Amino acid sequence: MRTESNHPTTLVPPLHGEGRGPHAVDPLDEVRDLVRACMQCGTCTASCPNAASMDLTPRQMWRSLLFGFTDEVLRSKTFWMCSACYTCTLRCPRGLQLTRAMAALKRLAAQHGPGAARRKGIFYQAFIDNVHKYGRVQEMDLMFHYFMAMRDPLLPLRFTPVGMKLLAKGKLHAPDGRHKGVLDDLFTRVRELEGNP
Amino acid sequence: MSYAYYPGCSLTESAQEYDVSTRLVFDRLCLGLNEIDGWTCCGAGAVDAVSGLLALALPARNLGLAAKQFPGKDVLAPCSACYLNHLKVVEQTRHDRKLAHRVNQAIAGEDLALDPGVRVRHLLDVLVTDVGEERIGQAVLMPLEGLVVAPYYGCQALRPYPVFDDPERPQSMHRILQALGATVLDWDKAATCCGASLMATDQDTALRAVAGILSAAGEAHCVATVCPLCQMNLEAYQRQALRVNEAARAVAVVYLPQLMGLAMGMGPEDVLLSKNLAVTDRLSEALDRNHAQANIVSFRSDNHNRRVSPCSRTSSSR
(Lines give C-alpha, C1' and ligand atoms only; values in the text may rest on other atoms or scores of the structure.)
Protein backbone atom coordinates (compact mmCIF):
# COMPACT_ATOMS: atom_id res chain seq x y z
CA MET A 1 0.00 0.00 0.00
CA ARG A 2 2.83 2.44 0.83
CA THR A 3 5.24 3.35 -1.90
CA GLU A 4 6.95 6.46 -0.59
CA SER A 5 9.30 6.81 2.33
CA ASN A 6 8.26 10.05 3.92
CA HIS A 7 5.54 8.54 6.07
CA PRO A 8 5.33 8.97 9.79
CA THR A 9 6.35 5.90 11.69
CA THR A 10 4.61 6.78 14.92
CA LEU A 11 0.93 6.34 15.65
CA VAL A 12 0.57 10.05 16.29
CA PRO A 13 -1.05 11.87 13.38
CA PRO A 14 1.40 14.34 11.85
CA LEU A 15 0.76 18.04 12.07
CA HIS A 16 -0.46 19.63 8.89
CA GLY A 17 -1.73 23.03 8.06
CA GLU A 18 1.30 25.23 8.56
CA GLY A 19 0.57 28.64 7.20
CA ARG A 20 -3.16 28.29 7.82
CA GLY A 21 -3.02 30.53 10.90
CA PRO A 22 -2.65 29.97 14.63
CA HIS A 23 -5.66 27.66 14.89
CA ALA A 24 -4.71 25.48 11.91
CA VAL A 25 -5.55 21.80 12.07
CA ASP A 26 -5.05 18.81 9.80
CA PRO A 27 -7.90 19.02 7.30
CA LEU A 28 -8.77 15.36 7.95
CA ASP A 29 -9.06 15.73 11.73
CA GLU A 30 -12.83 16.13 11.57
CA VAL A 31 -13.01 12.74 9.81
CA ARG A 32 -10.61 11.15 12.32
CA ASP A 33 -12.97 12.22 15.07
CA LEU A 34 -15.77 10.34 13.33
CA VAL A 35 -13.84 7.04 13.13
CA ARG A 36 -11.63 7.24 16.23
CA ALA A 37 -13.43 4.29 17.87
CA CYS A 38 -12.96 1.97 14.86
CA MET A 39 -11.92 -1.50 16.06
CA GLN A 40 -11.03 -2.86 12.62
CA CYS A 41 -13.68 -5.57 12.50
CA GLY A 42 -14.21 -5.10 8.75
CA THR A 43 -18.01 -5.13 8.83
CA CYS A 44 -17.96 -1.97 6.69
CA THR A 45 -15.84 -3.61 3.99
CA ALA A 46 -17.92 -6.78 4.00
CA SER A 47 -21.11 -4.72 3.69
CA CYS A 48 -19.92 -2.31 1.00
CA PRO A 49 -21.51 -2.93 -2.43
CA ASN A 50 -18.70 -1.01 -4.15
CA ALA A 51 -15.68 -2.39 -2.27
CA ALA A 52 -14.51 -4.22 -5.39
CA SER A 53 -13.97 -0.88 -7.14
CA MET A 54 -11.92 0.62 -4.30
CA ASP A 55 -8.13 0.64 -3.91
CA LEU A 56 -8.15 0.70 -0.11
CA THR A 57 -10.99 -1.21 1.52
CA PRO A 58 -13.04 0.96 3.87
CA ARG A 59 -11.48 -0.80 6.90
CA GLN A 60 -7.97 -0.13 5.58
CA MET A 61 -8.85 3.47 4.91
CA TRP A 62 -10.05 4.16 8.47
CA ARG A 63 -6.81 2.63 9.79
CA SER A 64 -4.66 4.65 7.40
CA LEU A 65 -6.51 7.75 8.46
CA LEU A 66 -5.97 7.08 12.15
CA PHE A 67 -2.29 6.29 11.52
CA GLY A 68 -1.93 9.74 10.02
CA PHE A 69 -1.49 8.78 6.38
CA THR A 70 -3.36 11.86 5.20
CA ASP A 71 -1.91 11.93 1.70
CA GLU A 72 -2.59 8.23 0.99
CA VAL A 73 -6.16 8.68 2.07
CA LEU A 74 -6.67 11.84 0.02
CA ARG A 75 -5.14 10.10 -3.02
CA SER A 76 -7.21 6.94 -2.71
CA LYS A 77 -10.37 6.50 -4.74
CA THR A 78 -12.16 4.64 -1.96
CA PHE A 79 -14.42 7.42 -0.71
CA TRP A 80 -15.24 8.51 -4.27
CA MET A 81 -16.73 5.03 -4.75
CA CYS A 82 -19.16 5.48 -1.85
CA SER A 83 -22.73 5.56 -3.18
CA ALA A 84 -24.20 6.50 0.22
CA CYS A 85 -26.16 3.27 0.70
CA TYR A 86 -25.59 3.56 4.49
CA THR A 87 -25.19 -0.20 4.96
CA CYS A 88 -21.87 0.24 6.80
CA THR A 89 -23.35 2.97 8.99
CA LEU A 90 -26.29 0.74 9.84
CA ARG A 91 -24.15 -2.27 10.67
CA CYS A 92 -21.07 -0.72 12.32
CA PRO A 93 -20.90 -2.35 15.78
CA ARG A 94 -19.28 0.84 17.08
CA GLY A 95 -22.14 2.97 15.78
CA LEU A 96 -19.80 5.12 13.69
CA GLN A 97 -21.23 7.43 11.04
CA LEU A 98 -19.12 6.02 8.25
CA THR A 99 -21.18 7.30 5.32
CA ARG A 100 -20.88 10.78 6.79
CA ALA A 101 -17.12 10.27 7.00
CA MET A 102 -17.03 9.22 3.32
CA ALA A 103 -18.91 12.38 2.31
CA ALA A 104 -16.60 14.53 4.43
CA LEU A 105 -13.60 12.94 2.67
CA LYS A 106 -15.07 13.81 -0.74
CA ARG A 107 -15.46 17.40 0.40
CA LEU A 108 -11.98 17.62 1.94
CA ALA A 109 -10.25 15.90 -0.99
CA ALA A 110 -11.86 18.35 -3.39
CA GLN A 111 -10.40 21.17 -1.26
CA HIS A 112 -7.04 19.79 -0.15
CA GLY A 113 -6.36 16.72 -2.29
CA PRO A 114 -4.30 16.25 -5.45
CA GLY A 115 -5.57 17.51 -8.81
CA ALA A 116 -7.07 14.15 -9.74
CA ALA A 117 -9.15 14.22 -6.57
CA ARG A 118 -10.39 17.68 -7.32
CA ARG A 119 -11.49 16.47 -10.74
CA LYS A 120 -13.60 13.77 -9.11
CA GLY A 121 -15.41 16.45 -7.14
CA ILE A 122 -16.55 18.23 -10.30
CA PHE A 123 -19.91 16.47 -10.53
CA TYR A 124 -20.85 17.35 -6.97
CA GLN A 125 -19.80 20.97 -7.45
CA ALA A 126 -21.75 21.16 -10.74
CA PHE A 127 -24.78 19.79 -8.91
CA ILE A 128 -24.60 22.39 -6.17
CA ASP A 129 -24.01 25.22 -8.64
CA ASN A 130 -27.12 24.06 -10.48
CA VAL A 131 -29.17 24.06 -7.26
CA HIS A 132 -27.83 27.49 -6.30
CA LYS A 133 -28.68 28.95 -9.67
CA TYR A 134 -32.13 27.45 -10.26
CA GLY A 135 -33.40 26.54 -6.78
CA ARG A 136 -34.49 23.19 -8.16
CA VAL A 137 -32.26 20.79 -10.07
CA GLN A 138 -32.47 21.20 -13.83
CA GLU A 139 -31.19 17.85 -15.06
CA MET A 140 -30.28 18.82 -18.60
CA ASP A 141 -28.48 21.99 -17.57
CA LEU A 142 -26.63 20.07 -14.84
CA MET A 143 -25.30 17.42 -17.22
CA PHE A 144 -24.32 20.10 -19.75
CA HIS A 145 -22.24 21.99 -17.20
CA TYR A 146 -20.78 18.74 -15.85
CA PHE A 147 -19.59 17.74 -19.32
CA MET A 148 -18.17 21.22 -19.95
CA ALA A 149 -16.28 21.19 -16.65
CA MET A 150 -14.90 17.68 -17.25
CA ARG A 151 -13.48 18.67 -20.67
CA ASP A 152 -13.74 15.04 -21.81
CA PRO A 153 -15.25 14.79 -25.30
CA LEU A 154 -16.03 11.08 -24.86
CA LEU A 155 -17.93 11.42 -21.58
CA PRO A 156 -21.17 12.77 -23.10
CA LEU A 157 -21.27 9.77 -25.44
CA ARG A 158 -21.82 7.45 -22.50
CA PHE A 159 -24.95 9.38 -21.61
CA THR A 160 -26.28 9.92 -25.13
CA PRO A 161 -28.47 6.77 -25.28
CA VAL A 162 -30.16 7.72 -22.03
CA GLY A 163 -30.51 11.32 -23.13
CA MET A 164 -32.25 10.21 -26.32
CA LYS A 165 -34.63 7.98 -24.35
CA LEU A 166 -35.52 10.80 -21.97
CA LEU A 167 -36.00 13.17 -24.89
CA ALA A 168 -38.36 10.72 -26.60
CA LYS A 169 -40.45 10.51 -23.42
CA GLY A 170 -40.69 14.28 -23.13
CA LYS A 171 -38.62 14.26 -19.97
CA LEU A 172 -35.96 16.74 -21.03
CA HIS A 173 -36.75 20.39 -21.13
CA ALA A 174 -35.10 23.78 -21.03
CA PRO A 175 -34.22 25.03 -17.53
CA ASP A 176 -37.10 26.36 -15.46
CA GLY A 177 -36.09 29.82 -14.24
CA ARG A 178 -39.03 30.39 -11.89
CA HIS A 179 -37.01 29.74 -8.74
CA LYS A 180 -33.84 31.50 -9.78
CA GLY A 181 -32.17 33.39 -6.97
CA VAL A 182 -34.46 32.01 -4.26
CA LEU A 183 -31.49 30.33 -2.55
CA ASP A 184 -29.03 33.24 -2.83
CA ASP A 185 -29.59 34.34 0.76
CA LEU A 186 -29.28 30.80 2.14
CA PHE A 187 -26.05 30.15 0.24
CA THR A 188 -24.57 33.45 1.43
CA ARG A 189 -25.46 32.71 5.02
CA VAL A 190 -24.04 29.17 4.86
CA ARG A 191 -20.78 30.52 3.44
CA GLU A 192 -20.56 33.10 6.25
CA LEU A 193 -21.39 30.53 8.93
CA GLU A 194 -18.84 28.04 7.59
CA GLY A 195 -16.24 30.80 7.69
CA ASN A 196 -16.93 31.21 11.42
CA PRO A 197 -17.43 27.77 12.91
CA MET B 1 -55.73 12.88 7.10
CA SER B 2 -53.41 15.07 5.07
CA TYR B 3 -49.71 15.73 4.65
CA ALA B 4 -47.37 18.53 3.68
CA TYR B 5 -46.08 17.26 0.34
CA TYR B 6 -42.51 17.69 -0.87
CA PRO B 7 -42.34 16.25 -4.41
CA GLY B 8 -38.67 17.09 -4.97
CA CYS B 9 -36.90 17.97 -8.21
CA SER B 10 -36.99 14.57 -9.91
CA LEU B 11 -40.75 14.28 -9.58
CA THR B 12 -41.17 17.46 -11.60
CA GLU B 13 -38.73 16.29 -14.29
CA SER B 14 -37.73 12.73 -15.08
CA ALA B 15 -40.10 11.12 -12.58
CA GLN B 16 -43.41 12.82 -13.42
CA GLU B 17 -45.16 9.45 -13.40
CA TYR B 18 -44.16 8.93 -9.77
CA ASP B 19 -45.70 12.28 -8.81
CA VAL B 20 -48.88 11.80 -10.83
CA SER B 21 -49.51 8.24 -9.63
CA THR B 22 -48.80 9.16 -6.00
CA ARG B 23 -51.33 11.99 -6.13
CA LEU B 24 -53.96 9.76 -7.77
CA VAL B 25 -53.50 6.95 -5.27
CA PHE B 26 -53.62 9.32 -2.30
CA ASP B 27 -56.78 10.84 -3.66
CA ARG B 28 -58.31 7.38 -3.98
CA LEU B 29 -57.27 6.59 -0.42
CA CYS B 30 -58.87 9.83 0.80
CA LEU B 31 -55.54 11.31 1.88
CA GLY B 32 -54.73 14.97 1.26
CA LEU B 33 -51.44 16.17 -0.20
CA ASN B 34 -50.64 19.85 0.35
CA GLU B 35 -47.67 20.76 -1.79
CA ILE B 36 -45.24 23.03 0.03
CA ASP B 37 -45.27 26.34 -1.81
CA GLY B 38 -41.84 27.56 -2.88
CA TRP B 39 -39.92 24.37 -2.03
CA THR B 40 -36.37 24.03 -3.30
CA CYS B 41 -33.88 21.20 -3.83
CA CYS B 42 -32.91 19.21 -0.74
CA GLY B 43 -29.33 18.78 -1.98
CA ALA B 44 -29.81 15.13 -2.99
CA GLY B 45 -26.77 12.93 -2.48
CA ALA B 46 -24.32 15.49 -3.82
CA VAL B 47 -24.37 18.37 -1.39
CA ASP B 48 -22.80 16.43 1.48
CA ALA B 49 -19.69 16.18 -0.64
CA VAL B 50 -19.46 19.98 -0.95
CA SER B 51 -20.68 21.46 2.33
CA GLY B 52 -21.83 19.83 5.55
CA LEU B 53 -23.89 22.80 6.68
CA LEU B 54 -25.50 23.32 3.29
CA ALA B 55 -26.58 19.66 3.36
CA LEU B 56 -28.65 20.50 6.44
CA ALA B 57 -29.71 24.04 5.52
CA LEU B 58 -31.29 23.09 2.17
CA PRO B 59 -33.79 20.57 3.59
CA ALA B 60 -34.26 22.77 6.67
CA ARG B 61 -35.58 25.55 4.43
CA ASN B 62 -38.31 23.23 3.09
CA LEU B 63 -39.21 22.08 6.58
CA GLY B 64 -39.36 25.73 7.66
CA LEU B 65 -41.77 26.47 4.81
CA ALA B 66 -43.88 23.43 5.74
CA ALA B 67 -44.00 24.52 9.39
CA LYS B 68 -45.27 27.93 8.31
CA GLN B 69 -47.78 26.77 5.68
CA PHE B 70 -49.00 23.54 7.26
CA PRO B 71 -48.16 23.64 10.97
CA GLY B 72 -48.28 20.26 12.68
CA LYS B 73 -48.54 18.25 9.47
CA ASP B 74 -46.17 15.42 8.71
CA VAL B 75 -43.94 16.07 5.70
CA LEU B 76 -44.19 13.42 3.00
CA ALA B 77 -41.34 12.93 0.52
CA PRO B 78 -41.76 10.11 -2.04
CA CYS B 79 -38.11 10.26 -3.19
CA SER B 80 -35.85 8.28 -0.86
CA ALA B 81 -32.95 10.76 -1.10
CA CYS B 82 -35.25 13.72 -0.35
CA TYR B 83 -36.78 11.75 2.51
CA LEU B 84 -33.41 10.97 4.07
CA ASN B 85 -32.08 14.53 3.71
CA HIS B 86 -35.11 16.00 5.45
CA LEU B 87 -35.13 13.29 8.10
CA LYS B 88 -31.41 13.76 8.69
CA VAL B 89 -31.65 17.44 9.56
CA VAL B 90 -34.38 16.67 12.10
CA GLU B 91 -32.43 13.77 13.62
CA GLN B 92 -29.10 15.60 13.75
CA THR B 93 -30.44 18.82 15.23
CA ARG B 94 -32.76 17.15 17.76
CA HIS B 95 -30.07 16.62 20.39
CA ASP B 96 -27.57 19.22 19.20
CA ARG B 97 -28.79 22.69 20.05
CA LYS B 98 -25.67 24.37 18.69
CA LEU B 99 -26.17 22.74 15.32
CA ALA B 100 -29.89 23.53 15.37
CA HIS B 101 -29.01 27.18 15.98
CA ARG B 102 -26.56 27.24 13.05
CA VAL B 103 -29.10 25.63 10.73
CA ASN B 104 -31.78 28.09 11.85
CA GLN B 105 -29.37 30.97 11.24
CA ALA B 106 -28.86 29.75 7.69
CA ILE B 107 -32.60 29.87 6.91
CA ALA B 108 -33.42 32.94 8.99
CA GLY B 109 -33.26 35.27 5.99
CA GLU B 110 -36.75 34.18 4.95
CA ASP B 111 -37.95 34.23 8.55
CA LEU B 112 -38.05 30.43 8.64
CA ALA B 113 -37.24 28.07 11.48
CA LEU B 114 -37.13 24.33 12.02
CA ASP B 115 -39.96 22.74 13.97
CA PRO B 116 -38.08 20.18 16.08
CA GLY B 117 -41.26 18.11 16.41
CA VAL B 118 -41.92 17.71 12.68
CA ARG B 119 -42.18 14.14 11.37
CA VAL B 120 -40.63 13.41 8.00
CA ARG B 121 -42.33 10.47 6.31
CA HIS B 122 -41.53 8.23 3.38
CA LEU B 123 -44.26 7.13 1.00
CA LEU B 124 -43.86 3.51 2.11
CA ASP B 125 -44.12 4.56 5.75
CA VAL B 126 -47.39 6.41 5.22
CA LEU B 127 -48.86 3.60 3.12
CA VAL B 128 -48.01 0.81 5.50
CA THR B 129 -48.34 2.63 8.85
CA ASP B 130 -51.10 5.22 8.39
CA VAL B 131 -53.18 3.51 5.71
CA GLY B 132 -52.44 -0.18 6.19
CA GLU B 133 -52.89 -3.19 3.96
CA GLU B 134 -56.54 -3.58 4.81
CA ARG B 135 -57.59 -0.17 3.50
CA ILE B 136 -55.34 -0.55 0.48
CA GLY B 137 -56.92 -3.95 -0.21
CA GLN B 138 -60.40 -2.46 0.03
CA ALA B 139 -59.53 0.09 -2.65
CA VAL B 140 -58.41 -2.64 -5.09
CA LEU B 141 -60.77 -3.18 -8.00
CA MET B 142 -58.52 -5.15 -10.29
CA PRO B 143 -56.25 -7.39 -8.23
CA LEU B 144 -52.83 -7.91 -9.80
CA GLU B 145 -53.37 -11.66 -9.81
CA GLY B 146 -50.72 -13.65 -11.60
CA LEU B 147 -48.36 -10.68 -11.63
CA VAL B 148 -44.97 -11.44 -10.08
CA VAL B 149 -43.46 -8.25 -8.66
CA ALA B 150 -39.93 -7.81 -7.29
CA PRO B 151 -40.11 -5.21 -4.50
CA TYR B 152 -37.08 -2.94 -4.67
CA TYR B 153 -36.58 -0.69 -1.64
CA GLY B 154 -33.14 0.70 -2.44
CA CYS B 155 -31.16 2.24 0.37
CA GLN B 156 -32.12 5.55 1.83
CA ALA B 157 -35.74 4.79 2.70
CA LEU B 158 -34.38 2.12 5.07
CA ARG B 159 -30.93 3.25 6.15
CA PRO B 160 -29.39 4.64 8.27
CA TYR B 161 -32.60 5.40 10.23
CA PRO B 162 -34.80 2.33 10.66
CA VAL B 163 -38.04 4.27 11.10
CA PHE B 164 -40.80 2.05 9.74
CA ASP B 165 -39.26 -1.19 8.54
CA ASP B 166 -36.52 -3.72 9.18
CA PRO B 167 -33.57 -2.31 7.23
CA GLU B 168 -32.00 -5.74 6.73
CA ARG B 169 -35.17 -7.59 5.76
CA PRO B 170 -37.72 -4.98 4.72
CA GLN B 171 -41.34 -6.11 4.44
CA SER B 172 -43.42 -2.95 4.01
CA MET B 173 -43.59 -3.07 0.21
CA HIS B 174 -44.12 -6.83 0.29
CA ARG B 175 -47.25 -6.24 2.34
CA ILE B 176 -48.58 -3.51 0.07
CA LEU B 177 -48.00 -5.64 -3.04
CA GLN B 178 -49.79 -8.57 -1.43
CA ALA B 179 -52.72 -6.29 -0.65
CA LEU B 180 -52.82 -5.47 -4.37
CA GLY B 181 -53.13 -9.18 -5.15
CA ALA B 182 -49.67 -9.52 -6.67
CA THR B 183 -47.26 -12.40 -6.13
CA VAL B 184 -44.19 -11.04 -4.37
CA LEU B 185 -40.78 -12.25 -5.51
CA ASP B 186 -38.61 -13.31 -2.60
CA TRP B 187 -35.16 -12.10 -3.61
CA ASP B 188 -32.00 -10.92 -1.91
CA LYS B 189 -31.57 -7.68 -3.87
CA ALA B 190 -34.55 -5.84 -2.38
CA ALA B 191 -32.39 -3.51 -0.31
CA THR B 192 -29.08 -3.44 -2.18
CA CYS B 193 -27.68 -0.30 -3.74
CA CYS B 194 -28.38 0.62 -7.40
CA GLY B 195 -25.14 2.61 -7.61
CA ALA B 196 -26.93 5.93 -7.13
CA SER B 197 -24.90 8.89 -8.40
CA LEU B 198 -21.95 6.68 -9.29
CA MET B 199 -23.85 6.37 -12.58
CA ALA B 200 -22.57 9.88 -13.30
CA THR B 201 -19.12 9.64 -11.73
CA ASP B 202 -18.07 5.99 -12.16
CA GLN B 203 -20.46 4.37 -14.57
CA ASP B 204 -18.83 0.93 -14.73
CA THR B 205 -19.29 0.39 -11.00
CA ALA B 206 -22.90 1.54 -11.12
CA LEU B 207 -23.69 -0.62 -14.17
CA ARG B 208 -22.39 -3.69 -12.33
CA ALA B 209 -24.72 -2.89 -9.43
CA VAL B 210 -27.70 -2.50 -11.77
CA ALA B 211 -26.83 -5.69 -13.67
CA GLY B 212 -26.74 -7.64 -10.41
CA ILE B 213 -30.20 -6.41 -9.45
CA LEU B 214 -31.71 -7.06 -12.90
CA SER B 215 -30.33 -10.59 -13.07
CA ALA B 216 -31.80 -11.39 -9.65
CA ALA B 217 -35.24 -10.12 -10.71
CA GLY B 218 -35.43 -13.29 -12.83
CA GLU B 219 -39.00 -14.31 -13.53
CA ALA B 220 -40.65 -11.17 -12.19
CA HIS B 221 -42.99 -9.30 -14.52
CA CYS B 222 -41.67 -6.06 -13.08
CA VAL B 223 -39.54 -4.45 -10.41
CA ALA B 224 -41.39 -1.97 -8.18
CA THR B 225 -39.47 1.07 -6.95
CA VAL B 226 -40.02 3.93 -4.51
CA CYS B 227 -37.18 6.25 -5.54
CA PRO B 228 -36.62 8.18 -8.77
CA LEU B 229 -32.87 7.59 -8.73
CA CYS B 230 -33.29 3.81 -8.33
CA GLN B 231 -35.90 3.92 -11.09
CA MET B 232 -33.62 5.91 -13.41
CA ASN B 233 -30.64 3.63 -12.87
CA LEU B 234 -32.67 0.44 -13.30
CA GLU B 235 -34.66 1.49 -16.38
CA ALA B 236 -32.70 4.13 -18.29
CA TYR B 237 -29.36 2.33 -18.02
CA GLN B 238 -30.86 -1.14 -18.35
CA ARG B 239 -29.63 -1.80 -21.88
CA GLN B 240 -26.08 -0.81 -20.95
CA ALA B 241 -26.27 -2.92 -17.77
CA LEU B 242 -27.50 -6.00 -19.62
CA ARG B 243 -24.26 -5.97 -21.60
CA VAL B 244 -22.30 -6.23 -18.34
CA ASN B 245 -24.06 -9.33 -17.08
CA GLU B 246 -25.14 -12.04 -19.51
CA ALA B 247 -27.39 -13.66 -16.92
CA ALA B 248 -29.55 -10.57 -16.74
CA ARG B 249 -32.52 -10.00 -19.01
CA ALA B 250 -34.81 -7.11 -19.70
CA VAL B 251 -37.41 -6.49 -17.02
CA ALA B 252 -40.00 -3.77 -16.61
CA VAL B 253 -39.42 -1.23 -13.85
CA VAL B 254 -42.34 0.76 -12.46
CA TYR B 255 -43.09 2.92 -9.45
CA LEU B 256 -45.09 1.29 -6.66
CA PRO B 257 -47.95 3.85 -6.81
CA GLN B 258 -48.29 3.15 -10.54
CA LEU B 259 -49.00 -0.49 -9.70
CA MET B 260 -51.35 0.62 -6.93
CA GLY B 261 -53.22 2.84 -9.37
CA LEU B 262 -53.58 -0.01 -11.86
CA ALA B 263 -54.88 -2.32 -9.14
CA MET B 264 -57.34 0.38 -8.08
CA GLY B 265 -58.82 0.33 -11.57
CA MET B 266 -56.97 3.25 -13.15
CA GLY B 267 -55.77 2.88 -16.72
CA PRO B 268 -52.13 2.76 -17.82
CA GLU B 269 -52.64 6.22 -19.31
CA ASP B 270 -53.80 7.58 -15.95
CA VAL B 271 -50.65 6.45 -14.13
CA LEU B 272 -48.49 7.57 -17.10
CA LEU B 273 -47.12 4.11 -17.84
CA SER B 274 -46.12 5.48 -21.24
CA LYS B 275 -43.50 7.64 -19.51
CA ASN B 276 -41.61 4.63 -18.16
CA LEU B 277 -38.49 3.74 -20.10
CA ALA B 278 -38.57 -0.01 -19.45
CA VAL B 279 -42.01 -1.54 -19.93
CA THR B 280 -41.71 -5.01 -21.41
CA ASP B 281 -44.30 -6.74 -23.58
CA ARG B 282 -44.46 -9.37 -20.88
CA LEU B 283 -45.73 -6.83 -18.35
CA SER B 284 -48.15 -5.21 -20.80
CA GLU B 285 -49.64 -8.60 -21.73
CA ALA B 286 -50.01 -9.58 -18.09
CA LEU B 287 -51.75 -6.28 -17.32
CA ASP B 288 -54.08 -6.69 -20.31
CA ARG B 289 -55.00 -10.21 -19.20
CA ASN B 290 -55.66 -8.92 -15.74
CA HIS B 291 -57.78 -6.09 -17.00
CA ALA B 292 -59.96 -8.39 -19.10
CA GLN B 293 -60.41 -10.80 -16.22
CA ALA B 294 -61.22 -8.07 -13.71
CA ASN B 295 -63.89 -6.62 -16.00
CA ILE B 296 -65.64 -9.97 -16.20
CA VAL B 297 -65.56 -10.37 -12.44
CA SER B 298 -66.80 -6.87 -11.75
CA PHE B 299 -69.59 -7.30 -14.30
CA ARG B 300 -70.71 -10.53 -12.66
CA SER B 301 -70.72 -9.26 -9.12
CA ASP B 302 -71.88 -5.77 -10.00
CA ASN B 303 -68.84 -4.50 -8.28
CA HIS B 304 -69.07 -1.17 -10.02
CA ASN B 305 -70.64 0.40 -6.97
CA ARG B 306 -67.31 0.18 -5.27
CA ARG B 307 -65.91 2.74 -7.65
CA VAL B 308 -67.72 5.50 -5.78
CA SER B 309 -65.16 7.27 -3.66
CA PRO B 310 -65.83 6.72 0.03
CA CYS B 311 -63.88 9.82 1.05
CA SER B 312 -66.89 11.71 2.36
CA ARG B 313 -67.33 9.12 5.11
CA THR B 314 -63.84 9.42 6.49
CA SER B 315 -62.70 12.25 8.64
CA SER B 316 -60.39 14.64 6.84
CA SER B 317 -59.31 16.73 9.80
CA ARG B 318 -56.11 16.14 11.62
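The values are calculated or read from the model by the stated rules, or taken from the named source; none is laboratory data. The shown structure was predicted, so the numbers you read here are calculated from the model rather than taken from an experiment. Every residue, glycine among them, receives a Cβ derived from its backbone with ideal geometry; neighbour counts consider all protein chains shown. The area values use the complete protein model at the heavy-atom level, side chains included, leaving out ligands, DNA and RNA. Shrake-Rupley method; radii C 1.70, N 1.55, O 1.52, S 1.80 Å.
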Task: Residue tally, condition over 30 Å from B:R289 (Cα atoms) and surrounded by fewer than 19 Cβ atoms within 10 Å (Cβ to Cβ), over the range B:133-162 - done: 1
Task: Test set (1) among the small types (G, A, S); (2) facing chain A (nearest Cβ under 9 Å); (3) assigned to a helix (DSSP H, G or I) - B:A191 fails condition number - done: (3)
Task: Qualifying residue in the range A:96-112 (condition: under 30 Å from B:K189 (Cβ atoms), more than 9 Å from chain B (Cβ to nearest Cβ) and in a loop (DSSP other than H, G, I, E, B)) - done: yes
Task: Among the residues listed as B:D186, B:D204, B:D165, the single one being within 14 Å of chain A (Cβ to nearest Cβ) and surrounded by fewer than 22 Cβ atoms within 10 Å (Cβ to Cβ) - done: B:D204
Open item on the list: Among (1) assigned to a helix (DSSP H, G or I); (2) away from chain A (no Cβ under 14 Å); (3) open to solvent by less than 40 Å² (accessible area, probe 1.4 Å), there is one condition B:D130 misses while meeting the rest; what is its number?
Closed with: (3)
Task: Only listed residue being outside any loop (DSSP other than H, G, I, E, B) and within 22 Å of A:Y86 (Cα to Cα), chosen from B:A196, B:A200 - done: B:A200
Open item on the list: What's the total number of residues in the range A:70-87 that are within 11 Å of another protein chain (Cβ to nearest Cβ) and closer than 14 Å to A:V31 by Cβ?
Closed with: 2
TODO: Scan the helices (runs of 4 or more DSSP H) fully inside the range B:210-291 and keep the ones with 2 or more residues being more than 24 Å from A:S83 (Cβ to Cβ) and in contact (Cβ under 8 Å) with a residue 24 or more places away in the chain.
DONE: B:256-263
TODO: Within the range B:5-34, work out how many residues are more than 15 Å from A:G170 (Cβ to Cβ) and over 14 Å from the mean Cα position of the chain (by Cα).
DONE: 8
TODO: Evaluate the range B:80-101: report whether one residue or more is open to solvent by 10 Å² or more (accessible area, probe 1.4 Å), in a loop (DSSP other than H, G, I, E, B) and among the hydrophobic types (A, V, I, L, M, F, W, C).
DONE: no
- [ ] State yes or no: is A:G135 outside the structural domain of A:S53 (by TED's automatic domain parsing), in contact with a helix residue (DSSP H, G or I) (Cβ under 9 Å, 6 or more places away or on another chain), small (G, A, S) and within 17 Å of B:L54 (Cα to Cα)?
- [x] yes
Open item on the list: Looking only at the range A:162-197, how many residues end up being more than 7 Å from chain B (Cβ to nearest Cβ), assigned to a helix (DSSP H, G or I) and either open to solvent by 70 Å² or more (accessible area, probe 1.4 Å) or modelled with pLDDT under 90 (or both)?
Closed with: 8
Task: Whichever residue in the range B:55-74 is more than 14 Å from every other protein chain (Cβ to nearest Cβ) and basic (K, R) and, among such residues, is most open to solvent (accessible area, probe 1.4 Å) - done: B:K68
Open item on the list: Given the options A:G135, A:G113, name the one that is farther than 30 Å from A:E72 by Cα, surrounded by 19 or more Cβ atoms within 10 Å (Cβ to Cβ) and of a type outside the set (S, T, N, Q).
Closed with: A:G135
Task: Given (1) within 14 Å of another protein chain (Cβ to nearest Cβ); (2) open to solvent by less than 20 Å² (accessible area, probe 1.4 Å), index of the condition B:A220 fails - done: (1)
TODO: May I ask you to verify whether B:A106 is more than 22 Å from the chain's Cα centre (by Cα), open to solvent by less than 10 Å² (accessible area, probe 1.4 Å), among the aliphatic types (A, V, I, L, M) and over 30 Å from B:R289 (Cβ atoms)?
DONE: yes
Task: Of all residues making up the range A:70-80, the number that are farther than 22 Å from A:A52 by Cβ and not acidic (D, E) - done: 1
Open item on the list: Can you tell me which condition B:Q240 does not meet? The list is (1) crowded, with 24+ Cβ neighbours inside 10 Å; (2) within 14 Å of another protein chain (Cβ to nearest Cβ), and all the others hold.
Closed with: (1)
Task: Residues that are at pLDDT 95 or above, over 23 Å from B:A250 (Cβ atoms) and charged (D, E, K, R), drawn from the range B:261-302 - done: B:D270
Open item on the list: So, in the range A:10-39, exactly how many residues are in a loop (DSSP other than H, G, I, E, B) and either open to solvent by less than 50 Å² (accessible area, probe 1.4 Å) or at pLDDT below 70 (or both)?
Closed with: 20
Open item on the list: Against the condition in a helix (DSSP H, G or I), within 11 Å of another protein chain (Cβ to nearest Cβ) and either touching a strand residue (DSSP E or B) at 6+ places or on another chain (Cβ under 9 Å) or without any contact (Cβ under 8 Å) to a residue 40 or more places away in the chain (or both), how does B:G109 come out, does it pass?
Closed with: yes
Task: Verdict on B:C30 being open to solvent by less than 20 Å² (accessible area, probe 1.4 Å) and assigned to a loop (DSSP other than H, G, I, E, B) - done: no
